[in-house]
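A.B. asks: Pasting a structure here, questions to come.
The values are calculated or read from the model by the stated rules, or taken from the named source; none is laboratory data. Note that this is a predicted model, so its numbers are computed, not measured. Neighbour counts are summed over all protein chains in view; Cβ atoms, including those assigned to glycine, are modelled from backbone coordinates with ideal geometry. With ligands, DNA and RNA removed, areas are computed over all heavy atoms of the protein, side chains included. Shrake-Rupley method; radii C 1.70, N 1.55, O 1.52, S 1.80 Å.
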Amino acid sequence: MDYASITTPSELKRLNINQLGGLCASIRERIINVVEKNGGHLASNLGTVELTVALHYVYDCPKDKIIFDVGHQSYTHKILTGRGEAFDGLRQNGGISGFPQPAESEYDAFTAGHASTSLSVALGFAEAAKQTAAQSDVVAVIGDGALTGGIAYEALNAIGSDHLPVTIVLNDNNMSISKNVGAMSKYLTRLRVSKKYVGMKNEIKRAVSIIPLFGDGILHLMDKGKKLLKRIVLSNKMFEEMGISYYGPFDGHNVGELIEIFEQVRKKKGPALVHIITDKGHGLKSAVTDPEHSHGISSVGAISSNDFSSVLGEFLTDAAQKDNRIMAVTAAMAIGTGLEKFSVAHPDKFKDVGIAEEHAVTYCGALAAGGIKPYFAVYSTFLQRGFDQIVHDVCIDRRAVTFCIDRAGVVGSDGVTHQGVFDLSYLLPVPNMTVMCPADGDELKEMLKFSLTFNAPLAIRYPKSYTVNRAHAPIVYGKWENIAIDKSSHVYVLCAGGRALDIALAAVAEKKLNIVNARFVKPLDTEYLDGINKRGNIIVTIEDNMRAGGFGMSILQYLNNSGMLCKFASLAHDDKFIDNRDVCSSLNDSGLSRENLLNVVKSLE
């Protein structure tokens, strides 16, 4: 059969269950081929093929809503909802996103990109359906790792209390990005490995299957049987005690069994949780063996570059040998932030808190209060989740936490939900916070050395990579560094970070400029600014951040308050969300380019 012709849920429903195994194999092969070419999230998508096929076989989207938590496992969903041909352009400019986006398809119920949001979204849709009398079922697909996020527990509490018909599919693969940690992981492990419970449950299922009118009565009977078994076998009934009926665990790669259980759960009233067990990377041996490194892969032919995160990991690994105060913290991102080597070398000084950025920030604040020197390595897009904790639990009491903010600026293929272009705008206004931007790996090392004796909150933000190491002057608190000075030029380009510096240096070949490495974004080097704030001078700032509230606006505010004599311009991202799929086009579209810098300078002369 030509499974490539199955491009909509209605076409899927015309297949018989025996044909679905072939469809799943075809989809899995397509995902592997495209992701190996374009890059993307491989292991998570291979693990959810049968689940997604079963959901679309039973539910009627887009009337019914399937909410994918994080959304990085939605490739099968995209292939089955009219985007099969477009799938070749996954994560490319002009192509489809690697995450659900309602603007892309009516089948994508809600934008996703960060973990732990699906349960709140699902409850919102269920309440809306109730208020509008819409005949719409709501399903949330959430991984076991995402249940470490605090918002997921808040939503579970509300779902159990409101008693609306929300179906939660717990996709349990014992992995998020890094290996799952915490009490929830241990609890789910007890459910997974309780062979006594699973065996007794299956015996009841086989016995019940011979009862007449099996279809409509199965869940009622199973529900009674499982509650009794859980009282006997399991010591913790968390979900049911919250008012959410629990079913499982089931084989997440048995599409027939999944269809059967979803058809029955759909008839129930009230909230239900279907616990399925999947293999992350199922169908590809290398992805099953090493799901952490197969979580997100780069495209074929991707340019290798110098990596900031590896610099961080190497520095902290060496520094912790000499300084017992150092502790490295991550939120399920040990590999991505460069801490994998540190975790092996110093397991007692490494803490992975799971997908719980808010907790991580407050935890680090308390570590600092207790005499530890904590380094929280986190992607810029995920640090947004901990803003209240940065203010309340770190900066008010001036706790010496160092935030190592990775993937700052535009990120390329992960798209709109992962851009790291807001951190300067929300960090700069916070009192007691110091913010630094390294131009390259060597400067990051020097900033980390500086952090060892700096006794206050410190944020060091950097993109994924840098171009080349340069010689740098020693770091002095609050002072900038001259990179290229031409006394005949009256133009000063103030660069926040390596990308900005690369743009400015590329323009020097065509125009005499003074290039300044504004390594401290906060505090500003006001002495330097006072020295160049003169009539006839031009100051241009460059930053890979939103214009509003960013580096350039803080410079402008200072100059206005001081009495502006020079001409001024700022190159930054404007008031829009960025969804270009490569870094260069994102920068160019925002005017962060050599050509635009030269045009702006010319317009001010």
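A.B. asks: Of the DSSP beta bridges with both residues in the chain, give the percent that are antiparallel, rounding to the nearest 5.
C.D. replies: On the way: 11 of 68 bridges.
Antiparallel bridges make up about 15 percent of those DSSP assigns within the chain.
A.B. asks: Please give the length that would be gained between residue 348 and residue 388 if that part of the chain were fully extended, namely 0.36 nm times their separation in residues minus their C-alpha to C-alpha distance (nm, one decimal). Intermediate results must be reported in sequence, preceding the final value.
C.D. replies: On the way: separation 40, 0.36 × 40 = 14.40 nm, distance 2.81 nm.
Net length gain for the segment: 11.6 nm.
A.B. asks: Taking the chain as the reference, fit the longest principal axis to its C-alpha atoms, fit the long axis of helix 551-562 to the helix C-alpha atoms, and give the angle between the two in degrees, 0 to 90, nearest 10.
C.D. replies: Helix 551-562 sits at roughly 40 degrees to that axis.
A.B. asks: How big is the chain on each of its three principal axes, counting only the C-alpha atoms and giving the largest first in Å?
C.D. replies: Its Cα atoms span 94, 53, 47 Å along the three principal axes.
A.B. asks: Provide the gained length on full extension for the span residue 476 to residue 575, in nm with one decimal, where the gain is 0.36 nm per separating residue minus the Cα-Cα distance.
C.D. replies: Extending this stretch completely gives an extra 32.3 nm.
A.B. asks: In degrees between 0 and 90, to the nearest 10, how far off the longest principal axis of the chain does helix 195-208 point, with axes built from Cα atoms?
C.D. replies: It works out to around 40 degrees.
A.B. asks: If you take every residue apart from residue 558 with its C-beta less than 14 Å away from the C-beta of residue 558, what net charge results, scoring Lys and Arg +1 and Asp and Glu -1? All intermediate terms of the calculation are to be shown ahead of the outcome.
C.D. replies: Details: positive: 522; negative: 525, 527, 530.
Residues near residue 558 contribute -2 overall.
A.B. asks: I've got another one for you. If you average the sequence gap of Cα pairs under 8 Å that are 6 or more apart and divide by the length of the stretch 24-129, what percent do you get for the contact order? Intermediate values should be presented prior to the final figure.
C.D. replies: Details: 131 pairs, mean separation 29.4, N = 106.
Contact order relative to length: 28 percent.
A.B. asks: Tell me the net charge near residue 502. Cut-off is 11 Å between Cβ atoms, residue 502 excluded, with +1 for each Lys or Arg and -1 for each Asp or Glu. All intermediate terms of the calculation are to be shown ahead of the outcome.
C.D. replies: Numbers: positive: 470, 499, 594; negative: 440, 544.
Spelling it out: positives minus negatives among the neighbours equals +1.
A.B. asks: Is any residue of the stretch 512-546 close enough, with backbone N under 17 Å, to a label point placed 7 angstrom from the Cα of residue 453 along the Cα-Cβ axis, and if so, which?
C.D. replies: none
A.B. asks: Could I ask something else about it? How many percent of the accessible area of the chain is carbon or sulfur, using a 1.4 Å probe? Numbers along the way, then the final one.
C.D. replies: Working: 12800 of 24060 Å².
Of all accessible area on the chain, carbon and sulfur atoms account for 53 percent.
A.B. asks: Using the alpha-carbon atoms, what tilt in degrees (0 to 90, nearest 10) does helix 255-265 show relative to the longest principal axis of the chain?
C.D. replies: Between helix and principal axis, roughly 80 degrees.
A.B. asks: Between residue 157 and residue 134, take the C-beta separation as r, use R0 = 35 Å, and let me know the FRET efficiency to the nearest 0.05.
C.D. replies: In this case the efficiency is close to 0.90.
A.B. asks: Quickly work out the residue 29-to-residue 323 label distance, labels modelled 7 Å from Cα along the C-beta direction, and quote it in nm with one decimal.
C.D. replies: Once both label points are built, they end up 5.5 nm from each other.
A.B. asks: Which shape class applies to the stretch 370-523: rounded if a/c is under 1.5, otherwise prolate when a/b exceeds b/c and oblate if not, where a ≥ b ≥ c are the square roots of the Cα gyration tensor eigenvalues? Could the numbers behind the result be given before it?
C.D. replies: On the way: a/c = 2.08, a/b = 1.51, b/c = 1.37.
The shape class here is prolate.
A.B. asks: Answer with one residue from 42, 454, 500: the one whose Cα lies farthest towards the positive end of the charge dipole of the chain, charges on Cβ with Lys, Arg +1 and Asp, Glu -1.
C.D. replies: Checked the options; the winner is 454.
A.B. asks: Compute the relative contact order of the chain as a whole-number percentage, counting only Cα pairs closer than 8 Å that sit 6 or more residues apart in sequence. List each step's numbers first, then the result.
C.D. replies: Details: 1219 pairs, mean separation 68.3, N = 605.
RCO, the chain: 11 percent.
A.B. asks: Counting only heavy atoms of protein chains, what accessible area per residue, in Å², does the stretch 353-393 have with a probe of 1.4 Å? Please list the in-between numbers first.
C.D. replies: Values: 1290 Å² over 41 residues.
Solvent-accessible surface per residue comes out at 32 Å².
A.B. asks: Still on this structure, please answer the following. With each pseudo-label sitting 7 Å past Cα toward Cβ, what's the residue 310-residue 488 distance in nm, one decimal?
C.D. replies: Once both label points are built, they end up 4.2 nm from each other.
A.B. asks: Please give the charge dipole size of the chain, origin at the Cα centre, charges +1 on K and R Cβ atoms and -1 on D and E Cβ atoms. Round to the nearest 20 debye. Mind showing how you got there, number by number?
C.D. replies: Numbers: 62 positive and 66 negative charges, 224 e Å.
Computed about the Cα centre, the dipole is about 1080 debye.
A.B. asks: Give the separation of the Cα centroids, the stretch 377-391 to the stretch 250-264, in Å.
C.D. replies: Going from one Cα centre to the other spans 38 Å.
A.B. asks: Hey, got the Cα dimensions of the stretch 312-434 along the principal axes, in Å, largest first?
C.D. replies: Largest first, the stretch 312-434 extends 38, 35, 22 Å along its Cα principal axes.
A.B. asks: Could you do me a favour and compute the accessible area per residue for the stretch 33-173, 1.4 Å probe, result in Å²?
C.D. replies: 30 Å²
A.B. asks: In the structure shown, do any of 78/464; 130/269; 63/280; 322/449 have a Cα-Cα gap over 19 Å, and if so which? Don't skip to the answer; put the middle values down first.
C.D. replies: Details: 78/464 28 Å; 130/269 13 Å; 63/280 29 Å; 322/449 12 Å.
Those over the limit are 78/464; 63/280.
A.B. asks: Starting from the Cα of residue 240, step 7 Å along the direction of its Cβ; do the same at residue 8; then give the gap between the two resulting points in nm.
C.D. replies: 4.2 nm
A.B. asks: Continuing with the same structure: Over the Cα atoms of the stretch 536-605, what Rg and Dmax result, in angstrom?
C.D. replies: In order Rg, Dmax, the Cα atoms of the stretch 536-605 give 13.0, 41 Å.
A.B. asks: From the convex hull of the Cα coordinates of the stretch 451-605, what is the mean projected area in square nanometres? Intermediate results must be reported in sequence, preceding the final value.
C.D. replies: On the way: hull surface 40.1 nm².
If I average the Cα hull's projected area over directions, I get 10.0 nm².
A.B. asks: Then there's this: Take the alpha carbon atoms of the stretch 429-455, find their center, do the same for the stretch 51-96, and report the distance between the two centers in whole angstrom.
C.D. replies: Centre-to-centre distance over Cα atoms comes out at 42 Å.
A.B. asks: Contour minus end-to-end for residue 584 and residue 37, with contour as 0.36 nm per residue of separation and end-to-end as the Cα-Cα distance? Please report the intermediate quantities before stating the final value.
C.D. replies: On the way: separation 547, 0.36 × 547 = 196.92 nm, distance 1.95 nm.
Using 0.36 nm per residue and subtracting the Cα-Cα distance, I get 195.0 nm.
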